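To keep things clear, I will list the structure first and then write my remarks on it.
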Amino acid sequence: MDCLFCKIAAGEIPSTKVYEDDTVYAFNDIDPQAPVHILIIPKEHISSAAQIDEKNSAVVAHIFEVAASLAKEKGLEEGFRIVTNCGESAGQSVHHLHFHLMGGRNFAWPAG
Ligand code: AMP
Ligand code: ZN
């Protein structure tokens, strides 16, 4: 499948890895929007949050465990934001489920 993040998770396209296990891969965003901006993805191809279902949702829970651990490791005690853009109107540009873990600055709400 011609998917950028499948290729990154498989090591076929280089990335700055920050975490990896059997089901999850995390790497620095190439265009960081905060001092810490990590993308956390399932190794399994899931197109977006709209495709999460009872068969594949365990990896999403695991991604949030990894996010909490990385936030601690990166010293984000003051707070962080986890975002997933789903679909065109939300600005999803890569169609492989990914969670942005961002921190190290203040964030406005609501976003955008
Ligand atoms: P989204 O727009 O929510 O789909 O997020 C896609 C993210 O992937 C953006 O923040 C991009 O900067 C990031 N991105 C695109 N290509 C790469 C790449 N080769 N390595 C790391 N991050 C990337
Ligand atoms: Zn993929």
Hull surface over four for the Cα convex hull of the chain, reported in nm², is 7.2
How tilted is helix 58-73 with respect to the longest principal axis of the chain? Cα atoms for both, answer in degrees (0 to 90, nearest 10). 30
Could you work out the relative contact order of the range 1-97, using alpha carbon pairs under 8 angstrom and six or more residues apart, expressed as a whole percent? 28
Please give the peptides 62-69, 84-91 ranked by average Cβ packing (other Cβ atoms within 10 Å per residue), highest first, as a rough proxy for protection. 62-69, 84-91
Could you look at the chain and say what percent of its accessible area is carbon and sulfur, using a 1.4 Å probe and all protein chains? 51
Could you tell me which Cys residues in the chain have no other cysteine's Cβ under 4.7 Å from their own Cβ, answering none if every one has a partner? 86
CD proxy at 222 nm, helix term only [per DSSP H run n ≥ 4: -39500 (n - 2.57); per residue of the chain; nearest 500]: -6000 deg cm²/dmol
Rolling a 1.4 angstrom probe over the protein heavy atoms, how many square angstrom per residue are accessible across the chain? 61
About the Cα centre of the range 5-80, what is the dipole size in debye to 20, counting +1 per Lys and Arg Cβ and -1 per Asp and Glu Cβ, all else neutral? 120
Lysine pairs in the chain with Cα atoms under 14 Å, if 8 or more residues apart or on separate chains: 4
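The values are calculated or read from the model by the stated rules, or taken from the named source; none is laboratory data. This structure is a prediction, so every number in the text was calculated from the model and none was measured. Counting neighbours? That spans all protein chains shown, and the Cβs are built from the backbone with ideal geometry, glycine included. Calculation scope for accessible area: heavy atoms of the full protein, side chains included, ligands and nucleic acids excluded. Shrake-Rupley method; radii C 1.70, N 1.55, O 1.52, S 1.80 Å.
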